[in-house]
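What follows draws every value from the coordinates through simple rules; no lab data is involved. Values in this document were obtained by computation on a predicted structure and should not be read as measured data. Cβ placement follows ideal geometry from the backbone for every residue including glycine, while neighbour counts extend to all protein chains displayed.
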Amino acid sequence: MTASVDVAAVIKQSFPQLVERPSGDHPAFSAPASDILTVLSFLRNSQGYDLLTDLTAIDNGEDTTPRFTVVYHVFSTTGHTYLRLAADCRDDRKPSIASVTSLWPGADWHEREVFDMFGITFDGHPDMRRILMWEGYPYHPLRKEFPLAGIETPLPDIEVSEETGTKVLPAPMAGGPFVTSSGEINMAKAEPRAKDESWNEKKEKPL
Amino acid sequence: MVSTNTEFAYNTKIEGDVVVTRADAVINWIRSNSVWPMPMGLACCAIELMATAASRFDIARFGAEVFRFSPRQADCMIVAGTVTYKMAPHLRRIYDQMAAPKWVIAMGACASSGGMYRSYATLQGVDRIVPVDVYVSGCPPRPEALLDALIKLQTKMRDERSAKRLMSA
Ligand code: SF4
């Protein structure tokens, strides 16, 4: 199978329910969550998009509906073209979507990472566990309401936690996150600095 | 300086097979010159740790070339890299398995303070779970800096009251 020259037209014709997304590079479509497996298997089996290069998710914000969007990047190794698909998850509180591990076994760890970071469950996934954070960690760190510094939780190992009296604590941000002014020639000025310079380790945070 | 004494080294005929010294001095001399490191290479700093062990910087000059990947055979844990909260308990367990006396070097910004990772996933300094003897600044520290830390650790070891501790143990 070779990737068709004008895949956008083919998709529009075969799946009228798909909506074109604004895109700066490759063709991109929004698909209903219920159709995502059908569309992706059509792309893989008859349009030559045989490689899943990325699978990730977007949190659109706590008060937005639909809140979670899963994004698929597929590549055709014969046509050398990319295509992006996005699908909104069904539920905002308990988001879920169909797993594509049946099409690409490589999606396994991508989906586990999305589950770990966003809490989106993939129906039909063979092994829906966390992959980066430890088993039993109570949060999903890439959700918008989760602070970068973290939230106090026990260490993954209770014995070590008791022995050392250490917990998972929010990291001291000291006015961070720290950003560099890229393109700055003067290295002293280009040093990473906290966004909020009104307080730091020496000066108390104004209340 | 002109001297008639040509005996610069230990001579059994003169000393009569006896060397007089303090127990602390002997024990510390042995310990400090045969530090067997436990490489806890967790991130980029481990590359510099390897460089320190390799021929150019040659940590063997200080008697610490025997990198042991078994904690039971090691004296000094060199924490080289970013310690995540997921890894932290394992690090502590490895430390617990090392036989006393044992020492810890926190190599680099990450191991010393969490470094640039001010985030939910990173332990903000390995001294929260193990006692650290020497901190090395840098991201990553150059091998010379790690050698300097080793020399500092050796200096520290030589001041220890080892004999007393052995007797009371
Ligand atoms: S201190 Fe720098 S070089 Fe060392 S582990 Fe951290 S980021 Fe890597």
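Estimated from the Cβ-Cβ distance and a Förster radius of 45 angstrom, the FRET efficiency linking residue A:139 and residue A:78 is about 0.60. The angle separating the long axis of helix A:36-46 from the principal Cα axis of greatest extent in chain A is about 50 degrees. Neighbour counting of Cβ atoms within 10 Å sorts the residues A:85, B:166, B:147, B:49, fewest neighbours leading, into B:166, B:147, A:85, B:49.
For segment B:51-156, what does the relative contact order come out to in percent, with C-alpha contacts under 8 Å and a separation of six or more? Can you show the working numbers first?
Numbers: 168 pairs, mean separation 28.2, N = 106.
That works out to 27 percent.
Under the simplified labelling scheme, the residue B:55-residue B:21 pair shows an inter-label distance of 3.3 nm, with each label point 7 Å from Cα along Cα→Cβ. Working from label points 7 Å from Cα in the Cα-to-Cβ sense, the residue A:102 to residue B:5 distance is 9.0 nm. Per residue of chain B, the DSSP helices (runs of n ≥ 4 H) give a summed -39500 (n - 2.57) that works out to -10500 deg cm²/dmol at 222 nm. Placing R0 at 25 angstrom, the Cβ-Cβ distance between residue A:63 and residue A:195 gives a FRET efficiency of 0.55 after rounding to 0.05. Here the residues B:129, B:78, ranked from fewest to most Cβ neighbours within 10 Å of their Cβ, fall in the order B:129, B:78.
Sort B:45, A:89, B:76 by Cβ crowding within 10 Å, fewest neighbours at the top. If you can, show how the numbers build up before the last one.
Details: B:45 28, A:89 19, B:76 23.
The fewest-first ordering by Cβ neighbours comes to A:89, B:76, B:45.
Computed across chain A, the Kirkwood radius stands at 20.1 Å (inverse of mean 1/r, all Cα pairs). By how many degrees, between 0 and 90 and to the nearest 10, does the Cα long axis of helix A:107-118 differ from the longest principal axis of chain A? With both axes taken from Cα atoms, the answer is about 40 degrees. Compute the Cα gyration tensor for segment B:106-169, then decide on rounded, prolate or oblate, letting a ≥ b ≥ c be the square roots of its eigenvalues: rounded whenever a/c is under 1.5, prolate when a/b is larger than b/c in the other cases, and oblate in all that remain. Since a/c reaches 1.5 but b/c is at least a/b, the shape of segment B:106-169 is classed as oblate.
Look at the Cα gyration tensor of the protein assembly as shown: its axes a ≥ b ≥ c give a/c of at least 1.5 with a/b over b/c, and that counts as prolate. Placing a pseudo-label 7 Å from each Cα along the Cα-to-Cβ vector at residue A:53 and residue A:34 gives an inter-label distance of 3.2 nm.
Put simply, the Cα atoms of segment B:12-158 extend 66, 32, 22 Å along their principal axes, the longest span coming first. Pairs with C-alpha atoms separated by more than 26 Å, drawn from the list A:167/A:205; A:167/B:156; A:167/B:102; A:144/A:205; A:195/B:86, are A:167/B:156; A:195/B:86.
In segment B:25-58, whose amide N lies under 19 Å from the spot 7 Å out along Cα-to-Cβ of residue B:142? List them in ranges. Answer for this model: B:45-58.
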